[in-house]
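Novice: The following block contains the structure, expressed as structure tokens.
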Amino acid sequence: MKNDKNQAKTGAREENLEALLHQVLREDGKVFPTSDKDISNLEAEVDPDEVKSIDPARLLARVRGEKTEEESDKVVPLFGEVPNQVQEDMQAMAARNGGQITDEVRRQMEEDRANAEKPPDGQKNQ
Amino acid sequence: MSLMSSTEGQLKAKVEDDDVSLILRMADKNSNPKDAEAALVIFFSRHHRLLKAFTERNKYQSLGFDPEDFVLRTFHKAFDKADTFDAPPNLSPERLLKRVQAWLFQIAKNEFFMELRKGLNKFEETMDPGHMLSPDQEDLNQQVGDVEGAAPVLTGKAAAVRTFLDKLPEGDRQLLETSFNFYDNNARKVVIPEDILKGLANALATTPEGIKQKRKRLLQKLKEHLENK
């Protein structure tokens, strides 16, 4: 019986403590304001004019389901600027599922390229 | 004041329009999308910085929130839910402004909860309306308790609480302050739903039990701090 009373007292004290803390945090604008008074408290604590504005075009793009330039910019290339040749090589490698070219295949490719670059017979001296 | 479809949709929203007029135009987006978007831009430009200031001030970045993205998401939701705004008739312009701001912050709070839940499990995006606070009801409940001087028992102790909070390490203060977004006015204590608790634990790189224990210890410390005053 005595234990029950003690527990009840402790519970009540904890409730008061949480109520006190909540009240202070509301007054200081530290929790989401939900009432007129909370809003006034928050306005007394912050100066919205000091906050950098967000471009409303970003909101419109979001509402329309479009991607803004700024959002596209957030996709940062992993390796920074990549020269065209390297990029082409990487794409080619991706097409081979990352596989290497064997010496034999490379020799055949070079031969094919050389043949392709040769001018057709009869055009040599024109 | 219940919102009804605006009939003068042809007129374009103007900077000097009051908030209710802008919200009406937003609510009418199906019949006049261009005007609704024009109203949204004005409404956003007028109100977004207070929410951004709040988010930055409370360092929600450390919970994984990008303040700008959070603000944009809130206003997008406000645009979608414009027809849910309601206010009693004959409010003064000042009271009406506060009502609009409280509505926006209630939407933001719901988004905040949703984000924490997403942090729990990206594959289980809960949209359970049971956890969504009704903007107006919660708002009204709180306003009933907002009569001047309604918390006399707290007077005099507030300064000691602030001193205590100021001395806490950043992480502890963040945990304690964030947890009080889940204060239940009826239970008179913080009640964090289990799924949100897990999401919050993920965001703070701890466990749900870790949060509970840490809160308990911090409240005990606060109690001792107040007793020694």
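The values are calculated or read from the model by the stated rules, or taken from the named source; none is laboratory data. Since the structure is predicted, the reported quantities are computational estimates derived from the model, not experimental observations. Neighbour counts are summed over all protein chains in view; Cβ atoms, including those assigned to glycine, are modelled from backbone coordinates with ideal geometry. Accessible surface is based on the protein model in full, side chains and every heavy atom, while ligands, DNA and RNA are left aside. Shrake-Rupley method; radii C 1.70, N 1.55, O 1.52, S 1.80 Å.
Novice: Could you rank B:Arg117, A:Arg106 by how accessible they are, 1.4 Å probe, largest area first?
Specialist: The most accessible residue leads, giving A:Arg106, B:Arg117.
Novice: Further question: I'd like the Karplus ³J(HN,Hα) series for segment A:106-113: coefficients 6.51, -1.76, 1.60, θ = phi - 60°, whole numbers in Hz, and an x wherever there's a Gly or Pro.
Specialist: 4, 4, 5, 5, 5, 5, 4, 5
Novice: Mark the label point 7 Å from the Cα of B:Glu170 along Cα→Cβ and return the residues of segment B:54-73 whose backbone N is within less than 15 Å of it.
Specialist: Hits in segment B:54-73 for B:Glu170 at 15 Å: B:56-65.
Novice: Continuing with the same structure: Given the pairs B:Lys34/B:Lys98; A:Lys37/B:Lys52; A:Lys30/B:Lys81; A:Lys30/B:Lys189; B:Lys12/B:Lys81; A:Lys30/B:Lys223, which are separated by over 24 angstrom at their Cα positions? Provide the component values of the computation, followed by the final result.
Specialist: Values: B:Lys34/B:Lys98 27 Å; A:Lys37/B:Lys52 19 Å; A:Lys30/B:Lys81 26 Å; A:Lys30/B:Lys189 16 Å; B:Lys12/B:Lys81 20 Å; A:Lys30/B:Lys223 20 Å.
Checking Cα-Cα distances, B:Lys34/B:Lys98; A:Lys30/B:Lys81 exceed 24 Å.
Novice: Once you keep just the Cα pairs under 8 angstrom separated by 6 or more residues, what percentage relative contact order results for segment B:178-229?
Specialist: Working: 21 pairs, mean separation 8.7, N = 52.
Across segment B:178-229, relative contact order equals 17 percent.
Novice: Here's another thing I want to ask about it. Counting partner chain Cβ atoms within 10 Å of every residue's Cβ in A:102-115, what's the average?
Specialist: Taking all residues of A:102-115 together, the mean is 0.
Novice: How do the peptides B:65-77, B:212-224 rank, highest first, by the average count of neighbouring beta carbon atoms within 10 Å per residue?
Specialist: Going by the mean number of other Cβ atoms within 10 Å, highest first, we get B:65-77, B:212-224.
Novice: While we're on this one: Consider a paramagnetic label point 7 Å from the Cα of A:Lys67 along Cα→Cβ; state which residues of segment B:44-80 have an amide N under 17 Å from it.
Specialist: Correct set: none at all.
Novice: Under a point spin-label approximation (7 Å from Cα along Cα-to-Cβ), what is the A:Lys52-B:Ser31 distance to one decimal in nm?
Specialist: Between A:Lys52 and B:Ser31, the simple spin-label model gives 4.2 nm.
Novice: Run the simple label-point estimate for A:Ser40 and A:Glu15 please: 7 Å along Cα→C-beta, distance reported in nm.
Specialist: 2.8
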